[in-house]
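The values are calculated or read from the model by the stated rules, or taken from the named source; none is laboratory data. Because the structure is predicted, anything quoted here is derived from the model rather than measured. Ideal geometry is used to build each Cβ from the backbone, glycine not excepted, and the neighbour counts take in all protein chains shown. Surface areas here come from the heavy atoms of the whole protein model, side chains and all, with no ligands, DNA or RNA. Shrake-Rupley method; radii C 1.70, N 1.55, O 1.52, S 1.80 Å.
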Amino acid sequence: MTIDKTFDPAAIEARWYAHWEDNGLFRPERPEAEPYTIVIPPPNVTGSLHIGHALDDTLQDVLIRHARLKGKDALWVVGTDHAGIATQMVVERQLNAQGRKRTDFTREQFIAKVWEWKEESGGTITRQLRRLGASCDWANERFTMDEGFSKAVLKVFVDLYNQGLLYRDKRLVNWDPGLKTAISDLEVETKEVQGSFWHFSYPLADGSGAISVATTRPETMLADMAVAVNPEDGRYRALIGKSVKLPITGRLIPIVADEHADPELGSGAVKITPGHDFNDFEVGKRAGFKPAEMLNMLDAEAKVVQTADGLIPADYLGLDRFEARKKVVAAIEAEGRLEKVEDRVIQTPYGDRSNAVIEPWLTDQWYVDAETLAKPALEAVRSGAIKVVPESWTKTYYNWLENIQPWCVSRQLWWGHQIPAWYDADGQVYVAEDEAAASALAGGKALSRDPDVLDTWFSSALWPFGTIGWPDQAGQQPPEAYRAGGAGKASKLQRHYPNDVLISGFDILFFWDARMIMQGLHFMGEVPFRTLYLHGLVRAADGSKMSKSKGNTVDPLGLIDKYGADALRFTLTAMESQGRDIKLDEKRVEGYRNFATKLWNAARFAQGNGIGASSSIEPPRAELAVNRWIIAETVKTVQALDLAIADLRYDESANTIYHFVWASFCDWYLELIKPVLAEGADPAQAAETRAVAGWVLDQILVMLHPFMPFITEELWHALGTRDYDIIVATWPMADARAIDPAAQQEIDWLIRMVSEVRAARTGLNVPPGARLPAYARGASEETRRRLAANAVAIARMARIDLAEGDAPAGGAAQVVVDEATYVLPLEGVIDLDAERARLAKGIAAAEKERDSLAARLANPAFVEKAKPEAVEKARADHAEKSLEAEQLGAALARLG
RNA sequence: GGGCGCAUAGCUCAGUGGUAGAGCACUGUGUUCACACCGCAGGGGUCGCAGGUUCAAACCCUGCUGCGCCCA
């Protein structure tokens, strides 16, 4: 197959992805091989691929493809998340657009509509993952609402309940009045907003005076149950135990002593509304109010409802909380009890999805005892059972888990895993995996199921084991068994749990990663993954956060269309340094598209010169220094790449292969072998060179495959007939025996020699095409041998012809390389001043370094205390720089 | 208030003790039979500031300044 003159990524990508998937190459049968496992952070089933996914999934694909090339049984578990609130919101919005709402339908009808939407749009993101080249195990794609996974979710709920780690409780919850559901602490965003601080004067019941309180939420006074003062506060000691008669409601409430009241803040006395404030809830409990007795004045939409004592005037009922606020303030002012109003910045909680102001609300919800589950999760990271990369995140992880609160897992939604709890007529709860089992527990009483669903993160926490056979395959064999040798017989769960690596953005460290660790340890008895790699956010080129509202999002599909998936993947990999956000500049993507084009053209050159597929994994035998050199460079690249990938240094791995391909292989090796392949050259040398070049190119393609899967597969086949596709090829061997220091020194010298001559020519404005004779002066025997051996390459690349004898008298450029000086006569055309300046500049540079090294060596403390290698290197460098300065000085002197 | 991180060439970033690096951008030059999405050559940095440790500091320690993120 002839390689086209132009590189067209789009055509290649479509072809190879289908080929890989149709032939099952993402998960070849390798029952005896060492397992390697990653589970994808499941994207929202109805979502679409954004640049953050592109980064996250590229990083995973690099590791999976690398592991597959290393011969491992690489499994990348793929699937999608039902994304409870987000998905339900989308469908509700669609209904609203048609002038209907969720409650116009039965729960079953509505859920059917969500499934319809899932069928309609559910394939989008998985199609887009394919465009990116993600080599996931599509044959076993999972969904958090599918039957098997749902079974795992129910089992976890029931087991945790039976173990006392999951319970129903009445306490304040973060209530989202927009979505009308409870949400967890993590789903609340606190923002600073400009508000007011109202100071009220509450009259004492006995008419003996009044007490001042201040509040940022005056409407809650309709449900006040106490006024608290600090027990140490002398001003109020006499009032403790007395009662206050509230304005508007006339409710009699006690003045209580509580540490929560800060004497320094406001008047030092605070109103207590246990049913509508987290701090007040705790004060109320200490004051002896049971949660069930705490007054509630709001409904699910945060409108005023009558409190249990019936004291709220009728004209307040049904008001929105913010209207009620105005009315309360007006009424208090009318009574002359508004002392003052101050402007104040208020920390206000918002729902991260709805952006509604969150209302602390007293309800019955299901809670997970996160504190208990957190202990082993903390220990797993402390002990190193899970390695966190970058390590600095461990502190954040510890801090969160050490202060973890009960996790509210029930949501007042219809879309999701319905909670497996049933109630009898008396409100007694029965938790079981299905209604029959619950009924048995209830002794056949009539039951109704809890209408709520579970937090989506409750289910996704089970992803590392719920996707690979748990609970069905659990308990067959301990996980150690397959490692002891029973690989072929072990279940999928045993082979692939624990997973090897989890890659996620740091933004879901608490939401997902930590909860997977908690649930994995609890249900599997082992960590879910051995390494947790956290990457940053992808930002716009100017560093701002990408957001739809700002309109500065970058569409990964658009970049793929424009530059190819390989270029996008390489960009994201090269820019991924541990612990830093990525500022994505399209210029970088363009640059890596150029890199792909460079490789494409190098392969075209190879093909045009009879260089093709290599027949061996091991390097071919080679005599020529240039071939021995490039083999050594290849091996060094494999070593560096293996190290970088093992350390999860993506930037380093990408840069290593980039530099090798462009600089070593294209700029030097291919140029150096052109004369060897030219007509009339030695046939044996040409054959050796073709074999070596073909081998190196093959190693390049394999090493580059994890980063640029499409172009490498295309070129792999274009360069010859293959027994297998590159996706399942063999990773290069890093065989140190192939490294030949003598050849390396020789080519290193050659590169320096050519570079020096080129620089001199440019510096003296010698026309690029002009060929000059060159007379070697003071060259050692070894240098003369090298000059002879590489004469053709030197002639071609430096455009000089080595001449015998002494240089003729007259103006000449002089180039110093090591001990030798090369004299390039320029018969009158040379600008002698320019040459003097050029030499003087070189002398100055060499002398500066020589003197600096001399000063260091003259310091006895350095020679005594520094490492011997450092002293040795300083001596060698000093000698080298001295020689260079001397040689250049002699050359300058000869110019006169 | 607590925690984490960042400050290195015009830009984006590597570099964690031994003579400052890459890509892009910039300047000059070149249509030599893979590639102008290219080649060749070049300019450009008191490594935020101030102390300290060390024979030696961009790198380790302390403080300061500025910026970002998370938690309360």
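Odds and ends about this structure:
- Hey, A:Arg836 within 11 Å of RNA strand B (Cβ to nearest atom), surrounded by 14 or more Cβ atoms within 10 Å (Cβ to Cβ) and at pLDDT 85 or above or not: no
- Within the range A:864-896, tally of residues that are loosely packed, with under 15 Cβ neighbours inside 10 Å and either of a type in the set (Ser, Thr, Tyr) or more than 28 Å from A:Ala840 (Cα to Cα) (or both): 7
- Filter pass, A:Leu599 being surrounded by 23 or more Cβ atoms within 10 Å (Cβ to Cβ), within 11 Å of RNA strand B (Cβ to nearest atom), in contact (Cβ under 8 Å) with a residue 60 or more places away in the chain and farther than 25 Å from A:Pro390 by Cβ: yes
- Residues that are on the phi > 0 side of the Ramachandran plot, in the same structural domain as A:Phe200 (by TED's automatic domain parsing) and touching a helix residue (DSSP H, G or I) at 6+ places or on another chain (Cβ under 6 Å) occur in the range A:246-263; there is at least one.
- Counting the residues of the range A:195-220 that are more than 16 Å from RNA strand B (Cβ to nearest atom) and assigned to a strand (DSSP E or B) gives 15.
- Residue match in the range A:424-447 (condition: under 22 Å from A:Phe511 (Cβ atoms), modelled with pLDDT of 90 or more and crowded, with 19+ Cβ neighbours inside 10 Å): no
- For the residues A:Thr58, A:Thr103, A:Thr87, the requirement of being of a type in the set (Ser, Thr, Tyr) and closer than 20 Å to A:Glu120 by Cβ singles out A:Thr87.
- Matching helices (runs of 4 or more DSSP H) fully within the range A:272-388 where at least 2 residues are closer than 26 Å to A:Trp512 by Cβ: A:370-382
- Within the range A:126-144, the presence of at least one residue that is modelled with pLDDT of 90 or more, open to solvent by 30 Å² or more (accessible area, probe 1.4 Å) and either within 16 Å of RNA strand B (Cβ to nearest atom) or outside any helix (DSSP H, G or I) (or both) is confirmed.
- Only one of A:Ile611, A:Ile631, A:Ile673 that is part of a helix (DSSP H, G or I), within 12 Å of RNA strand B (Cβ to nearest atom) and either at pLDDT 95 or above or buried (at least 20 other Cβ atoms within 10 Å of the Cβ) (or both): A:Ile673
- Exactly one residue out of A:Arg777, A:Arg856 is of a type outside the set (A, V, I, L, M, F, W, C), open to solvent by 20 Å² or more (accessible area, probe 1.4 Å), touching a Phe, Trp or Tyr at 6+ places or on another chain (Cβ under 9 Å) and closer than 30 Å to A:Asn627 by Cα, and it is A:Arg777.
- Of all residues in the range A:614-628, those satisfying the criterion of being in a helix (DSSP H, G or I) and either within 8 Å of RNA strand B (Cβ to nearest atom) or open to solvent by less than 50 Å² (accessible area, probe 1.4 Å) (or both) are A:Ala625, A:Val626, A:Asn627.
- Hey, A:Thr821 open to solvent by less than 20 Å² (accessible area, probe 1.4 Å), within 30 Å of A:Ile630 (Cα to Cα), away from RNA strand B (no atom under 16 Å from the Cβ) and out of contact with any helix residue (DSSP H, G or I) (no Cβ under 7 Å at 6 or more places or on another chain) or not: no
- For the range A:634-652, a residue qualifies if it is within 16 Å of RNA strand B (Cβ to nearest atom), open to solvent by less than 70 Å² (accessible area, probe 1.4 Å), under 22 Å from A:Ala663 (Cβ atoms) and aliphatic (A, V, I, L, M), and the qualifying residues are A:Ala640, A:Leu641, A:Ala644, A:Ile645.
- Members of the range A:6-43 that are in contact with a strand residue (DSSP E or B) (Cβ under 9 Å, 6 or more places away or on another chain) and open to solvent by 50 Å² or more (accessible area, probe 1.4 Å): A:Arg27, A:Glu29, A:Pro31, A:Glu32, A:Glu34
- Within the range A:397-419, residues that are in contact (Cβ under 8 Å) with a residue 12 or more places away in the chain and near RNA strand B (Cβ under 10 Å from one of its atoms) have Cβ atoms under 8 Å from residues that are open to solvent by 10 Å² or more (accessible area, probe 1.4 Å) and among the basic types (Lys, Arg) in these pairs: A:Tyr398/A:Arg382, counting only partners at least 6 apart in sequence or on another chain.
- Taking residues in the range A:554-578 that are of a type in the set (Lys, Arg), and partners anywhere that are within 11 Å of RNA strand B (Cβ to nearest atom) and open to solvent by less than 10 Å² (accessible area, probe 1.4 Å), the pairs with Cβ atoms closer than 9 Å and at least 6 places apart or on different chains are A:Lys562/A:Val589.
- Any pair with Cβ under 9 angstrom, 6 or more apart, that starts in the range A:871-894 at a residue that is hydroxyl-bearing (Ser, Thr, Tyr) and ends at one that is within 14 Å of RNA strand B (Cβ to nearest atom): A:Ser882/A:Ala846; A:Ser882/A:Glu847; A:Ser882/A:Arg850; A:Ser882/A:Leu853; A:Ser882/A:Ala854
- Among residues of the range A:799-818 being among the charged types (D, E, K, R) and over 20 Å from A:Trp749 (Cα atoms), the one that is most open to solvent (accessible area, probe 1.4 Å) is A:Glu804.
- Close pairs from the range A:798-810: first part of a loop (DSSP other than H, G, I, E, B), partner exposed (fewer than 12 other Cβ atoms within 10 Å of the Cβ) and acidic (Asp, Glu), Cβ under 9 Å, at least 6 apart: A:Pro808/A:Glu827; A:Gly810/A:Glu827
Yes or no, residue by residue, for (1) more than 26 Å from A:Leu832 (Cβ to Cβ); (2) within 13 Å of RNA strand B (Cβ to nearest atom):
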| residue | (1), (2) |
| --- | --- |
| A:Ile747 | yes, no |
| A:Val757 | no, yes |
| A:Glu781 | yes, no |
| A:Ala807 | no, no |
| A:Val816 | no, no |
